[in-house]
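Input: a single structure, listed below in structure tokens.
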Amino acid sequence: MTERTTEVTAPTDATDEVVTRAVGLLRRGGLAALPTETVYGLGANASDADAVRGIFAAKGRPADHPLIVHVADAERAERWAARLSPAAAALAAACWPGPLTLLVARAPHVLDVVTGGRSSVGIRVPAHPLTTAILTEFAAGGGHGGVAAPSANRFGHVSPTTAAHVLTDLDGRIDLVVDGGTCPVGVESTIVDCSVDPPQVLRPGGIPTEDIHELLHGRLRDASGPSRAPGMLAAHYAPRAKVLLAGSFAELEQMELMHPDAVVLGVDETMVELAHDLYARLRDADDRGVEHVVALLPEPVGLGHAVRDRLLKASAGRAG
Ligand code: TXA
Ligand code: MG
């Protein structure tokens, strides 16, 4: 891996200066962490194979884990797809910009290094003003205007929801961090595989599964069996601390008695607050050297689908 000097924009920097800086860097093949409404992404020009390879090196991510292509708007998204099925078009119209990733048949120009050689590509239109401005300006320079971006963490770690989290994982490994404040949603996008019929939710996320179900008039298959999204293995999204899950308040109280120093999640906050703070609190537990996190496992309802999924993965422990 090439060592890099990591610069960070200041939250007070003028937007057009930040945009010019980030876009110039992306065009030169650099690596820029960008804020989104879900988590920070580690972006590179999706049409530059060397730049995309840099993402894998910086993260320590296996090369067969495909990346999501981020674009400024739905019209731009269509250029990355061979075609959008009616289901994909309906979800795109209802949810973009927003925390939804669609897997669709890829357009011929999409690089193998982005899709891990798959015939499908993941596409998303994020909803963060700074990143929308960067993606719009990047696309205005010609080409296909896509930025490939996984979450901006080292492989297997918890996703970053602040610029400081990105630096903890990737300082010296990437060129720029665009500080756009704390990510408002806090958990990753919902991934819907529209390359199969009926479509399938491969990763619950910022858009509740019920909403996807409703938008598709119930034409949604259950994602049973082993996940077809590499990177959705157990032993991802994990802190160093041991995460213990309670199925009831009584069980949670027992766990708290056994581990009085534990960080406790899921009791005093709404599901929106828990999603928003989840990764920051797991990271904070590690920073303070806390050994246990105890969490009340939420019901699979609304954002609870995503929080439940990440807590189950976090409780499986860290990869490697
Ligand atoms: O909210 C998000 O989705 C964030 C922000 C930065 O946009 N991104 C994100 O990317 O979470 P990442 O790479 O950490 O997770 C994307 C997941 C991975 O598990 C990857 O394997 C899967 O999506 N994926 C992407 N493209 C795929 C494809 N063509 N087929 C199957 N799985 C795919
Ligand atoms: Mg990730």
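The values are calculated or read from the model by the stated rules, or taken from the named source; none is laboratory data. Bear in mind that the values here come from a model prediction, so they are computed numbers and not experimental data. All Cβ positions, even for glycine, are placed from backbone atoms using ideal geometry, and neighbour counts span all protein chains on display. Quick note on the areas: whole protein, heavy atoms, side chains included, nothing else; ligands and nucleic acids left out. Shrake-Rupley method; radii C 1.70, N 1.55, O 1.52, S 1.80 Å.
Of the set (1) in contact with a helix residue (DSSP H, G or I) (Cβ under 9 Å, 6 or more places away or on another chain); (2) under 19 Å from His165 (Cα atoms); (3) open to solvent by less than 10 Å² (accessible area, probe 1.4 Å), all apply to Asp287 but (3). Please enumerate the residues belonging to segment 243-252 that are surrounded by 14 or more Cβ atoms within 10 Å (Cβ to Cβ) and free of Cβ contacts under 8 Å to residues at least 60 places away in the same chain. Those that are surrounded by 14 or more Cβ atoms within 10 Å (Cβ to Cβ) and free of Cβ contacts under 8 Å to residues at least 60 places away in the same chain: Ala246, Glu251, Leu252.
No other residue among Arg76, Arg61, Arg83 is farther than 21 Å from His213 by Cβ and either hydroxyl-bearing (Ser, Thr, Tyr) or without any contact (Cβ under 8 Å) to a residue 40 or more places away in the chain (or both) apart from Arg83. Can you pull out every residue in segment 34-52 that is farther than 25 Å from Gly206 by Cα and either within 15 Å of ligand 1 (Cβ to nearest atom) or among the small types (Gly, Ala, Ser) (or both)? Matches in segment 34-52: Ser47, Ala49, Ala51, Val52.
So that you can scan it fast, the table gives a plain yes or no per residue for (1) open to solvent by less than 60 Å² (accessible area, probe 1.4 Å); (2) at pLDDT below 75; (3) not aromatic (Phe, Trp, Tyr):
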| position | (1), (2), (3) |
| --- | --- |
| Gly206 | yes, no, yes |
| His213 | no, no, yes |
| Arg219 | no, no, yes |
| Ala223 | yes, yes, yes |
| Pro226 | no, yes, yes |
| Ala234 | no, yes, yes |
| Tyr237 | yes, yes, no |
| Ala241 | yes, no, yes |
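From the list Thr6, Thr15, the one residue that fits, being more than 16 Å from ligand 2 (Cβ to nearest atom) and over 22 Å from Ala140 (Cα atoms), is Thr6.
In segment 183-197, the residues that are among the acidic types (Asp, Glu) reach residues that are assigned to a strand (DSSP E or B) and within 8 Å of ligand 1 (Cβ to nearest atom) with C-beta atoms within less than 6 angstrom, at least six apart or across chains, in these pairs: Asp193/Leu103; Asp193/Leu202. Could you say which residue among Pro160, Pro230, Pro184 is within 11 Å of ligand 1 (Cβ to nearest atom) and at pLDDT 95 or above? The match here is Pro160. Could you list, in sequence order, all residues of segment 290-320 that are of a type outside the set (Gly, Ala, Ser), part of a loop (DSSP other than H, G, I, E, B) and surrounded by fewer than 18 Cβ atoms within 10 Å (Cβ to Cβ)? Listed by number, the residues that qualify are Glu291, Glu299, Pro300, Val301, Arg318. Selection within segment 22-33: residues that are in a loop (DSSP other than H, G, I, E, B) and touching a helix residue (DSSP H, G or I) at 6+ places or on another chain (Cβ under 6 Å). The member of this set that is farthest from ligand 1 (Cβ to nearest atom) is Gly29.
Rundown of residues vs (1) surrounded by fewer than 23 Cβ atoms within 10 Å (Cβ to Cβ); (2) more than 26 Å from Gly181 (Cα to Cα); (3) in contact with a helix residue (DSSP H, G or I) (Cβ under 8 Å, 6 or more places away or on another chain), yes/no style:
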| site | (1), (2), (3) |
| --- | --- |
| Pro11 | yes, no, no |
| Val19 | yes, no, yes |
| Pro35 | no, no, yes |
| Asp48 | yes, yes, no |
| Pro62 | yes, yes, yes |
| His70 | no, no, yes |
| Ser85 | yes, yes, no |
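Among the residues of segment 194-226, the ones that are aliphatic (A, V, I, L, M) and assigned to a helix (DSSP H, G or I) come to 2 in all.
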